[in-house]
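For reference, the structure is listed below as structure tokens.
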Amino acid sequence: MSDISQKDLDTSTSEKARFVYPLVSIGALFLLWWAIVEIFHIPAYVLPTPQATFASIIEDWPELWSGFIVTGQVFLYGFVIGSVSGFVLAVLMANSKLLNRLLYPIMIISQAIPVIAIGAALVIWLGFGIAPKLVIVALVVFFPVLVNVLDGLNTVDKDMLDLTKSMGANWFMTFRQVQLPATYVPLFSALKMSATFSVTGAVLAEQTASSQGGLGQYMMAQASRLNTQGTFAAIILFAAMGLAAFLVVSLWEKAATPWRSKPVVPKRRRFTAPQTPSHQ
């Protein structure tokens, strides 16, 4: 019992440290930012202090919040579209060698084209609205999910697949029981990486194909006015958006793959000695 209690205590301590360390590192980053400005006497129009930046966030909060909602919608919808389409296409390509050989080179070529270069064409095809922005964000997410899921499906043991077929399992049962669990680790790695890249995609989308006031347009407007505090205020909100998305995906990963964070240990039953009947 003491071993189990010590193990639970160690697990609880590691869980607390997992939250404390990021907060300490973020606080150290802001402290370093403040120290650089103060020590080198950097003018505010070049690099504002963290205090001035947060003051700008409070001052322009209504406009920043409305832009955050607009950009957040583009980020969220584009992230979902890119993730789902990448996952579905990876499953199709993994189960069809012909489709894999035909589409994989095209996927690689598509990633060699800068997303910002596609933005102008998307505006011509789809107009100024949410559609071209969603396509840009989805393209940023699509390829990492496709490649990682495809690699996970290709690493499935062929003998295991043959075994499930010999036991009479259909395609769906084989996919759900054998292939799908093999995609968890690479899939969540791609999603966590794409969660931060999608914010960059949303900024590029708003700079090239936006007619609504999002954070990207707010940042461009403040930069044109040489308002560095407002520019950094938008940057901090972009970072907060990416960090929140990364944390959500991490929590989802922890719930979907509990064996990675904590080993499954069978519960021990307390041994009780059999009672001997008392002789009166």
When volume of the Cα convex hull per residue in Å³ is calculated directly from the model, which label among [x] 240; [y] 157; [z] 142 fits? [x]
Can you find, among Leu102, Gly127, Phe232, the residue sitting farthest towards the positive end of the charge dipole of the chain, where Lys and Arg contribute +1 and Asp and Glu -1 at Cβ? Leu102
Given charges at beta-carbon only (K, R positive; D, E negative), |dipole| of the chain in Debye: 1000
Using a 1.4 Å probe over the heavy atoms of the protein chains, calculate the carbon and sulfur portion of the accessible area of the chain as a whole percent. 69
Sorted on mean Cβ neighbours within 10 Å (highest first), peptides 142-151, 45-54 come out as 142-151, 45-54
Computed label-point distance, nm, for sites Ser66 and Leu243 using a 7 Å Cα→Cβ extension: 2.7
Rolling a 1.4 angstrom probe over the protein heavy atoms, how many square angstrom per residue are accessible across region 125-184? 54
Can you order the peptides 227-236, 172-181 by their average number of other Cβ atoms within 10 Å per residue, highest first? 227-236, 172-181
Relative to the first principal axis of the alpha-carbon coordinates of the chain, what is the inclination of helix 50-59, with its axis defined by its Cα atoms, in degrees from 0 to 90 and to the nearest 10? 80
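Hey, with R₀ at 22 Å, roughly what FRET efficiency would Lys254 and Ala112 work out to, going by the Cβ-Cβ distance, to 0.05? Display every interim value, and only then the final one.
Numbers: r = 35 Å, r/R0 = 1.59.
The computed FRET efficiency comes out at 0.05.
The values are calculated or read from the model by the stated rules, or taken from the named source; none is laboratory data. Not measured: the values here are computed from a predicted model. Every residue, glycine as well, gets a Cβ built from its backbone with ideal geometry; the counts of neighbours run over all protein chains shown. Accessible surface is based on the protein model in full, side chains and every heavy atom, while ligands, DNA and RNA are left aside. Shrake-Rupley method; radii C 1.70, N 1.55, O 1.52, S 1.80 Å.
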